[in-house]
Amino acid sequence: MQLLLWKWAWLAVVLLITVKMEQVGGKNYLDLARTDNRLTRLPFFGGGVGHLLRYLNPLSMNPSSERGRISELRSDLDANYVSYRGAQLWKLNFNATRGSSMEEREDDEEEEEQQVVASPDAQFNEVVALFGSEVWNINQDGIDILIEQRNVADARKFMEKVGFSYNIMIDDIESAIDETYVEVPAVDHPLDSVRNNSLPWMERPGSLMSWRRYHDQVDIQQFLQTLLETYSENVELIQIGVTRNKRPLEVIRVSNGNPDNWAVFVDAGLQARDWLSPAALTYAISKLTHLWGRPKGNDQGQRQSRAEKAMRRIDWYFLPLANPDGYQYSRHTDRLWTKNRGFDSESGCYGVNLDRNFHYSWGGTGSTSNPCKNLYRGAESFSEPESRALRSFLTGMREYLGAYVSLSGYGQAITYPWGDADYVTENQRDLKQTARRAVLALRRLNQAEYSSGTSYRQKLARPGNSADWVQDRIGPQLVYNMFLKDQGRYGYLLPPHYIVESGEEVFEFLRTIAQQLQ
C-alpha cells in the first residue's frame, strides 16, 4: 500500500512539472520522453521520475527539431545550466609513444590548471596554451583537448599554418552531452539479452537501475538498498561519511562472513563528470550478488565455477559514488564539472579535485592552488570530507586489505604505483603480473585493448591521487587505477550504449584480482 501511494505521489509531481514545462514558451517538453529514432530520450529529472515517465504516452516528436531540445529543457530547469554548444574535442596526433609528459604552466607567477604537453614537436605546447581550455587525456594516439567555441576558428587556422595532424573527435560538445542522457532500448543493446535470461542480474525487482542509461545518485542509493533487502545474509551497507551537502558516502559490503577472508575495496566516481565508472561498478555489483546467491552446481563451466569460488572468498567493499555532490551537480548544471562542491570563501569558487587531495605527492605538478580551477588540490591534503572518509575507512582495514582499486574514465589502462617517479615498489612484480593477466582476460572477453604499467610510465599519474596514498600508507598486495573506455572517441561523454560492456570488463578485472589473492 505504501509503495502504491509513493508511485501516485510521484506521478502527481510528474504531471505538475509537465504542466509547468508546457507553459514555458508554449513548448511541449514531454515530447522528449520518446523520439522516432531508436534511442529513448529521458527527461532530466532522475530519482525515479524518469522511470515513471516512460509509461506515459507522449506525442511523437519531429526528428528535425530534436537537436538541442534536451539542452533547452535543462536550461529551463536550471538557470545556472552551463552550455557547451559549439565547443569541440580534438585529438592532436603525434607519432611518439605514450610517454609524452605533462607539466604546469605559470600565469602571473601563479599556478594554473592549464596542462601543457611536451611532445616531439614543441609547438604542441603552443596549441594547448593558445586554444585548449583543458587537456582531457594523453593516450597512445595523441592528446585530447577541449576547444571552446570562440577558439575553434583560430585553432583551425593555426593547425593549417603549422601543418599539424589532428582529428575532431566531437564536433559539438553539447550534442554529445545530450547523448549521455538517452536510454538504450533493450532490443537495441548489443549485450542485453535479458529476454533469454543470459543477463538476469540486469532485472532487479524493485530497483530503478537499468544500465541502459546513466542514473541519478538517488537511483544508485535505492539500488544499494534493494540489494541489502534481497541479500540480507551477505550484504551490509556502511555509511563511512557525509559530503558537504549532507549526502551519504555509502559502502556496500558483500561477504560470506569468514574472518579469514582478504578484503578488496573498490571506489568509483571521484571525478564528477565520470559517469561511466559508477554505472559500470553498480553493474558489476549486481552481477556479483546474483552469482553469489545462485545455487551451487551451475552449468557455466569449470573455469566460471573456480572464479566464482575465488570471489566468494573475498570480502568486497564497494563505494559506487565517491563524489555524490559533484556527480549530481554534473547531472543538473555543468556536465563537465569534475570537482566536489566545497566552497572557498576567499575566491567565491566551488570545488576541490578529490583525485588531487590525498597526502602522497600532494601539491605536485599536475595540480593547482587556484580554487577556481579544475585541478585545485584543496587548501591542504585531506581537506575534504570525501577524502577524509576514505582515509579513515581504509586505515581501519590495514590488517586485512588485500587489494585497492579506483575506477575512473577514460583511457583504457590498468595502472599501478608509482606516479611521481619511475620507482619500483616492493610488490611491483605481483602488480605487473596481475595487470597483464587482466589485460589478456579483457581481450578474451570482448577484444578490449587495455594497456598496463605504472602510472608514471603510462603518463596517467595525478599528484595527490588515492592509489599512490594507499600504496604508501596501507600497503596491500595489489593497488590499481582502472581507466575505463574509451581511448578518446567520446572521452568523458561515452554514450550509455557502452555501460554493460564496461561493467563486464570491471567484473572480469575484479575476478582476476580475486584469483590472484588466493
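The values are calculated or read from the model by the stated rules, or taken from the named source; none is laboratory data. From a predicted model like this one, the values you see are computed outputs, not experimental measurements. All Cβ positions, even for glycine, are placed from backbone atoms using ideal geometry, and neighbour counts span all protein chains on display. With ligands, DNA and RNA removed, areas are computed over all heavy atoms of the protein, side chains included. Shrake-Rupley method; radii C 1.70, N 1.55, O 1.52, S 1.80 Å.
Residues are listed down the side, and each one gets a yes or a no for (1) of a type in the set (A, V, I, L, M); (2) modelled with pLDDT of 95 or more:
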{"position": "437", "(1), (2)": "no, yes"}
{"position": "443", "(1), (2)": "no, yes"}
{"position": "459", "(1), (2)": "no, no"}
{"position": "479", "(1), (2)": "yes, yes"}
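Between 269, 366, the distinction of being of a type outside the set (Val, Ile, Thr) and at pLDDT below 95 belongs to 366 only.
Answer with yes or no whether residue 464 is touching a residue at least 12 places away in the same chain (Cβ under 8 Å) and over 19 Å from the mean Cα position of the chain (by Cα).
Judged against the criteria, residue 464 is not a match.
Could you tell me whether residue 391 is in a helix (DSSP H, G or I) and charged (D, E, K, R)?
When the stated conditions are applied, residue 391 passes them.
Residues that are open to solvent by 10 Å² or more (accessible area, probe 1.4 Å) and not in a loop (DSSP other than H, G, I, E, B) were ranked within segment 472-486; the one that is nearest to residue 500 (Cα to Cα) is 483. Annotation: residue 421 fulfils all but one of (1) open to solvent by less than 70 Å² (accessible area, probe 1.4 Å); (2) assigned to a loop (DSSP other than H, G, I, E, B); (3) at pLDDT 95 or above; (4) of a type in the set (A, V, I, L, M); the unmet one is (3).
Only residues that are open to solvent by 10 Å² or more (accessible area, probe 1.4 Å), within 21 Å of residue 332 (Cα to Cα) and part of a loop (DSSP other than H, G, I, E, B) were counted across segment 240-269, and they come to 4.
Highlighted here are the strands (runs of 3 or more DSSP E) found entirely within segment 121-176 that include at least 3 residues which are of a type in the set (A, V, I, L, M, F, W, C) and surrounded by 15 or more Cβ atoms within 10 Å (Cβ to Cβ): 132-138, 142-147.
Scanning segment 298-337 for residues that are at pLDDT 95 or above, hydroxyl-bearing (Ser, Thr, Tyr) and either touching a strand residue (DSSP E or B) at 6+ places or on another chain (Cβ under 9 Å) or more than 25 Å from residue 220 (Cβ to Cβ) (or both) gives 317, 329. Of all residues in segment 430-471, those that are open to solvent by less than 20 Å² (accessible area, probe 1.4 Å) and at positive phi total 2. Among the residues of segment 178-202, just one is over 19 Å from the mean Cα position of the chain (by Cα), surrounded by fewer than 19 Cβ atoms within 10 Å (Cβ to Cβ) and modelled with pLDDT of 85 or more, namely 200.
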